[in-house]
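Engineer: Handing you a structure now.
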Amino acid sequence: MLSSAVAGFSVSFALIVAIGAQNAFVLRQGLRREHVVPVVLTCAASDALLIGAGIAGVGTLVTGRPVLLTAIRWGGAAFLLCYALLAARRALRPGALLPTERPPATLGATLLACLAFTYLNPQVYLDTVLLLGGIAQQHPHRWLFGGGATLASAVWFTALGVGAHRLAPLLARRTAWRLLDGLIAALMALLAMALLLG
């Protein structure tokens with residue numbers, strides 16, 4: 001029984017640590033110290049929901065509908081490209097880079113962006129619903145596997161969101177924020193291109 005939970009934790013952690021759109025968003029919120037707890041809770045709860053859906057067998061329904069997969073892929077790519085353009089614009093405008101120079105976003109707007117990064121990203125469905133759901137089916141205690149996977153997600157997002165403030169001294173200069181936003185812009189554009197070409 002414990003081996004299923006440990007396997008779920010390990011596989012989920014390995015998948016989620018790879019930098020992606022959702023992680024970059026959580027990191028940026030953590031650096032700005034803006035609505036960090038609600039963002040972390042939203043990401044962890046969303047992963048729990050998606051992992052549970054995968055274990056319950058929703059992945060087989062999704063893979064049987066290629067039109068739905070195509071719509072998710074194109075919508076996700078469009079969203080990521082828009083965010084890449086916004087990050088590139090921030091990187092090119094030094095006055096908008098320091099977190100203290102912009103008024104904080106509202107909680108509602110932040111959570112909407114968080115939900116968009118979660119549910120408009122096809123990679124999330126591939127990793128949580130299809131891959132983790134499929135691997136869980138190979139374990140005798142699939143729901144314990146899912147519990148371990150969900151715990152890994154919660155640990156990661158908490159560490160990323162709460163621990164990001166430790167990078168604040170490094171990112172106290174405009175140049176550092178310019179580099180971070182430039183990196184986020186490039187990453188989002190690459191993810192979008194991978195979706196469109198994949």
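The values are calculated or read from the model by the stated rules, or taken from the named source; none is laboratory data. The structure presented is a predicted model; accordingly, all values stated were derived computationally and were not measured. Every residue, glycine as well, gets a Cβ built from its backbone with ideal geometry; the counts of neighbours run over all protein chains shown. These accessible areas exclude ligands, DNA and RNA; they are computed on the full protein's heavy atoms, side chains included. Shrake-Rupley method; radii C 1.70, N 1.55, O 1.52, S 1.80 Å.
Engineer: So VAL155 ticks every box in (1) out of contact with any Phe, Trp or Tyr (no Cβ under 6 Å at 6 or more places or on another chain); (2) modelled with pLDDT under 90 but one. Which box is left unticked?
Structural biologist: All conditions pass for VAL155, except number (2).
Engineer: Give me a count of the residues in the stretch 119-140 that are hydroxyl-bearing (Ser, Thr, Tyr) and touching a Leu at 6+ places or on another chain (Cβ under 8 Å).
Structural biologist: Residues flagged as hydroxyl-bearing (Ser, Thr, Tyr) and touching a Leu at 6+ places or on another chain (Cβ under 8 Å) within the stretch 119-140 amount to 2.
Engineer: A further question on this structure: Name every residue in the stretch 1-21 that is over 18 Å from GLY133 (Cβ atoms), assigned to a helix (DSSP H, G or I) and at pLDDT below 80, in order of residue number.
Structural biologist: Hits for the stretch 1-21 are LEU2, VAL17, ALA21.
Engineer: Further, regarding this structure: Restricting attention to helices (runs of 4 or more DSSP H) lying wholly within the stretch 22-96, give those where 1 or more residues are modelled with pLDDT of 90 or more, open to solvent by 20 Å² or more (accessible area, probe 1.4 Å) and of a type outside the set (Val, Ile, Thr). Spell out how you get there, then give the answer.
Structural biologist: On the way: elements: 36-56, 58-63, 66-92.
Those helices (runs of 4 or more DSSP H) span 36-56.
Engineer: Identify, by number, the condition in (1) more than 13 Å from ARG28 (Cβ to Cβ); (2) in contact with a Gly (Cβ under 9 Å, 6 or more places away or on another chain); (3) not hydrophobic (A, V, I, L, M, F, W, C) that HIS165 doesn't meet.
Structural biologist: It fails just one condition, (1).
Engineer: Here's something else I'd like to know. Quick one: would you say GLY147 is in contact with a Gly (Cβ under 9 Å, 6 or more places away or on another chain), modelled with pLDDT of 80 or more, small (Gly, Ala, Ser) and loosely packed, with under 15 Cβ neighbours inside 10 Å?
Structural biologist: no
Engineer: Additional query: I need the helices (runs of 4 or more DSSP H) fully contained in the stretch 104-198, keeping only those with at least 1 residues that are closer than 30 Å to SER3 by Cβ.
Structural biologist: Fully inside the stretch 104-198 and qualifying: 107-119, 133-136, 142-163.
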